Amino acid sequence: MKNKIDEKERLFRRVFAGEEDYMPLIVSPQLNCPEGITYPSSMEFKEDTAKSIASAVEMLKPKVEINSDWIPMINISYYQNILVPSLIGAEIAFQDGSDPMAKRSSAEIKDVFKNGIPPLEGKLVEEMIATLRTAIRCMPDGFKLSFPVCSSPFDIAQLMFGEEFLVSSVLEPEMVNEFLMNLTELSIKAFDLVKKEMGQNADEYITNRGLFFPGLRLPCDALVTFSPSLIKDIALPVLKRFGERYGNLCIHYCTSPSPSQHVLPVLLESDFVGAVDNWQGPGVFIGDDAPARMQDKIALITDIDLITEEKIRNFIGSKPVREIPRKGGRGIVANTKSGSVDEGRRIYETWQKSTKLK
C-alpha cells in the first residue's frame, strides 16, 4: 500500500508542476455506514480519536475499493478555526453539526498584537498536539492523515471582527496589513508545528480531498468578500509570505452563493498560488462566463458530475480543457460521485480510457 500511495504522490507532484497531461480523478461513492450511524464528526475525532479513526476507515472501504487516484486519508479539522484565534484572545463557540468557531471579539484590531506575537502554547495547543499524536499512532497502513490546523488570516479576521475588518481594510490599510502579517507569522508557527509532528517537509501536504499537494492548502473563503483591489493590496502580500515558507499554495474558497469570478484573475498575479480548490464545480473557473477560463498558470481542483460517458466526453472536449495544455500549462484534478463501487469503477475506467492513460 505504501508504494501505491508514493506513486500517487509522485503523480500529484507532476500534475502541480505542469509535468503531467493526465487529469487525476477521485471517485467518491456512498460510504459504508451502518443504519443509523453517520461518519464521525470533528468533535468525535477529537473526543475519541482512535475509535473514530477505526470507524471512519471501515466506512471508507468502498472508496478504497474503487482504487481511483484518491489517497486514502482521514481528515481531522477540529482545530482549524479555533487554535490560532484562541492564542489572540478569542472565545470559542460550539455548534451541533459543525466545527467549533471563534466568536466575535470585542477587542480592537489594532490592539490584538500590542504585546507582540504570542507563543504557541496553552491548554488548547497541548490538546491539539495530543490529538494529533494519537491520530498518527492510530492511522492504519494504507491511510494518510489530513490535519488542517489553521484557516487563512483573512478567514480568522472575519470570524473575529466581521464588518469591522472589512471597513478597516479600506480606511486603515497599513494597520490591517500589519495585523494580517502578525497573524500570518502566528499561523506559520502552527503549520510548522503540525508538519514537524507529522514528519512532513515544508512542501508536503495531504489535503482534505485525499490528494497530495506540494506546498500548503490554505482555506481562504473570505476572499470572495474582497474587491479585486483589496485582494491585491491585503491578500497577495499574505500569500507571498506563506509561499516563501511553503512554496506552492492551494487556495480554497467556496465559489457560491457569493459572487466569486473576480478572485482567480487577481490570484494569477501571485507567484505562489499553484492551485485553486472549490466544492461547487468548475463553472466559476472555466465556465463560458469565467473571465480567466483560458488561463494556463493555476491548476484547478473541483467537483464534476461525470456519472455517464457522455458527461466525461463533454468535459474533456470543452474548450478550456481541450485547448489549454496541462503538461506545460494548467493541471486539473476532478472529484466525482458514484452510487456504488461498481459504478465508481466504471466511471474511473471510462475516464482513464477517455484521457488516453491506458
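Bear in mind that the values in this text are calculations on the coordinates, not laboratory data. Note that the coordinates shown come from a computational prediction; the quantities given were computed from them, not determined experimentally. Every residue, glycine among them, receives a Cβ derived from its backbone with ideal geometry; neighbour counts consider all protein chains shown.
Pull up the cross-link candidates among the aspartates and glutamates for LYS232, meaning alpha carbon to alpha carbon under 12 Å and not fewer than 8 places away within one chain. Candidates past the 8-residue exclusion: GLU269.
Relative to one another, the C-alpha centroids of the stretch 300-344 and the stretch 1-25 are positioned 16 Å apart. Calculated from the structure at hand, Kirkwood radius over Cα pairs in Å is found among [x] 20.4; [y] 22.9; [z] 21.2 as [z]. 3J(HN,Hα) couplings calculated from phi for the stretch 32-49 with the Karplus curve 6.51 cos²θ - 1.76 cosθ + 1.60 (θ = phi - 60°) are, in sequence order, 8, 9, x, 4, x, 10, 10, 4, x, 7, 4, 5, 5, 4, 6, 6, 9, 4 Hz; Gly and Pro show x. Across the chain, the relative contact order, built from alpha-carbon pairs under 8 Å that are at least six residues apart, equals 21 percent. Partner aspartates and glutamates whose Cα lies under 19 Å from the Cα of LYS103, excluding those fewer than 8 positions away in the same chain, are identified as GLU91, ASP111, ASP155, GLU163, GLU164, ASP221. If the reach is capped at under 16 angstrom between alpha carbons, list the aspartates and glutamates near LYS327, excluding any in the same chain fewer than eight residues apart. LYS327 reaches GLU19, GLU20, ASP21, ASP296. Note that the stretch 139-144 has calculated 3J(HN,Hα) couplings of 5, x, 4, x, 10, 10 Hz, one per residue in order, obtained from phi through the Karplus relation 6.51 cos²θ - 1.76 cosθ + 1.60 (θ = phi - 60°); glycine and proline are x.
Summary of packing: across the peptides 24-33, 301-310, 193-202, the per-residue average of other C-beta atoms within 10 Å ranks them, highest first, as 24-33, 301-310, 193-202.
A simple spin-label model places pseudo-atoms 7 Å from Cα toward Cβ; at MET175 and GLN280 they are separated by 3.2 nm.
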